[in-house]
1. Failed condition for A240, given (1) buried (at least 16 other Cβ atoms within 10 Å of the Cβ); (2) without any contact (Cβ under 8 Å) to a residue 60 or more places away in the chain; (3) under 22 Å from K282 (Cβ atoms), with all others met?
2. Tell me the strands (runs of 3 or more DSSP E) entirely within the stretch 87-185 that contain at least 2 residues that are under 18 Å from V21 (Cβ atoms) and touching a strand residue (DSSP E or B) at 6+ places or on another chain (Cβ under 8 Å).
3. In the stretch 74-86, which residues are within 9 Å of the ligand (Cβ to nearest atom) and either open to solvent by 40 Å² or more (accessible area, probe 1.4 Å) or outside any loop (DSSP other than H, G, I, E, B) (or both)?
4. Of all residues being within 14 Å of the chain's Cα centre (by Cα) and either of a type in the set (A, V, I, L, M, F, W, C) or away from the ligand (no atom under 16 Å from the Cβ) (or both) in the stretch 133-169, which is surrounded by the most Cβ atoms within 10 Å (Cβ to Cβ)? Just the residue, please.
5. Any idea which of Y107, Y126 is farther than 19 Å from I260 by Cβ, at pLDDT 95 or above and of a type outside the set (V, I, T)?
6. Within the stretch 87-118, restricting attention to residues that are in contact with a Gly (Cβ under 6 Å, 6 or more places away or on another chain) and open to solvent by less than 30 Å² (accessible area, probe 1.4 Å), which residue is nearest to the ligand (Cβ to nearest atom)?
7. Select from the stretch 59-73 the residues that are more than 6 Å from the ligand (Cβ to nearest atom) and under 17 Å from R19 (Cβ atoms) and list them in ascending order.
8. Please give the number of the condition N225 fails out of (1) open to solvent by 60 Å² or more (accessible area, probe 1.4 Å); (2) under 21 Å from the mean Cα position of the chain (by Cα).
Amino acid sequence: MLDFGMNVAITGANGFVGRNVGAHLAKNGFTITGIARKAKDEKFPIILSEDLAEARLGNVIQNYDALIHLIGQGRQNVRDTYEKVNVSLTRNAVALCKRAGIKKIIYMSGLGVDKSTTLGYFISKYNAEQEIVKSGLDYTIFRASYIVGKDDPLSKTLREQIRKRKIIIPGSGNYRFQPIFVGDVSEIIGKAIVEKRFSNKIIDLVGPQIINYNLFVKKFLHGRNVPIQRLDFEDAYHDALHGKGSFGVDDLAIMAGDYIGSHKKLASLAKMKFIRWDEILKSGSLS
Ligand SMILES: NC(=O)c1ccc[n+]([C@@H]2O[C@H](COP(=O)([O-])OP(=O)(O)OC[C@H]3O[C@@H](n4cnc5c(N)ncnc54)[C@H](OP(=O)(O)O)[C@@H]3O)[C@@H](O)[C@H]2O)c1
């Protein structure tokens, strides 16, 4: 239990991470105000905003202790480009903190982001990180691997493929990732708000288990007999580029990127116990 009685605002509050983090922090004594484009039935109040630039927002969250910025997207389109959603709205989040007198910002970037990246999605995340690093605010930036929990997008995709009785594995399936439980992500975000050792740091947010996609799928199936189709990467890209299939162009690039971070480093900073992905699976909360 954290229980610090602080006021915290969350952008992207209706998203998968936002609603879980918000509910967890609200349960643990934080006063949470979500910021979103639509009012939904969350476990905390939501104020509406299209782009975080509305003048009234600053008054509502005046002098809050922290802002958790979770607006983001991993598939761009002509209207909502990475530059617009990931970079400009981060700039607006920083400006909102300054207007409202909020000194601490927490941002969710992606594992694999760094200044030498050539992937459009990662470039936008890197530029968003830079908006925050250069802002003068106290920041904690997390570079997350796949965050898993009830209704996470990857588990949803797999459940849908199971329903249609065809699991698709793009490429070899040997690329790895480090799933991290959304409950642990919520806990660590709570710590990052209150504990000084998280100040002005960029941290890989990776779970205790490195797992390749083949094994991930096998375990997810729990012995269920669902045909697996191995899809050549070229075909997977073809489908993605034509708006078909379960994976977007950048999802495939990230899979092929085989990005791995140091869980040991995270664990020694966070000083908490993380749940392993197969324990989450066993609890039945994903599949
Ligand atoms: N989930 C993961 O495994 C993972 C891994 C690495 C990094 N991240 C990052 O963590 C953050 C949260 O991820 P998530 O899984 O919660 O994503 P999500 O479920 O897609 O939620 C993203 C949120 O961003 C908001 N948003 C998107 N475009 C917007 C726009 N043009 N204007 C205003 N709001 C907009 C959405 O609002 P609406 O609800 O109104 O659509 C939604 O609430 C994102 O920045 C993501 O890149 C996530």
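The values are calculated or read from the model by the stated rules, or taken from the named source; none is laboratory data. Please read these numbers as outputs of a predicted model, since none were measured by experiment. Positions of Cβ are generated from backbone atoms using ideal geometry, with glycine treated the same way; all protein chains shown enter the neighbour counts. We work out accessible area using only protein heavy atoms, side chains counted, and drop any ligands, DNA or RNA first. Shrake-Rupley method; radii C 1.70, N 1.55, O 1.52, S 1.80 Å.
1. (3)
2. Details: elements: 104-110, 138-144, 167-170.
By residue number, 104-110, 138-144.
3. If we filter the stretch 74-86 for residues that are within 9 Å of the ligand (Cβ to nearest atom), which is where we start, we get 74, 79-80, 84-86.
Across the stretch 74-86, the qualifying residues are R79, K84, V85, N86.
4. V148
5. Values: Y126 fails: farther than 19 Å from I260 by Cβ.
Y107 is the lone residue from the list that is farther than 19 Å from I260 by Cβ, at pLDDT 95 or above and of a type outside the set (V, I, T).
6. At the first step, the residues of the stretch 87-118 found to be in contact with a Gly (Cβ under 6 Å, 6 or more places away or on another chain) are 99-100, 111-112.
Right, trim to open to solvent by less than 30 Å² (accessible area, probe 1.4 Å) and you get 100, 111-112.
Working: A100: 18, L111: 7, G112: 9 Å.
Taking the candidates together, the pick is L111.
7. So in the stretch 59-73, the residues more than 6 Å from the ligand (Cβ to nearest atom) come out as 59-69.
If the condition is that a residue be more than 6 Å from the ligand (Cβ to nearest atom) and under 17 Å from R19 (Cβ atoms), then L67, I68, H69 are the ones that fit.
8. (2)
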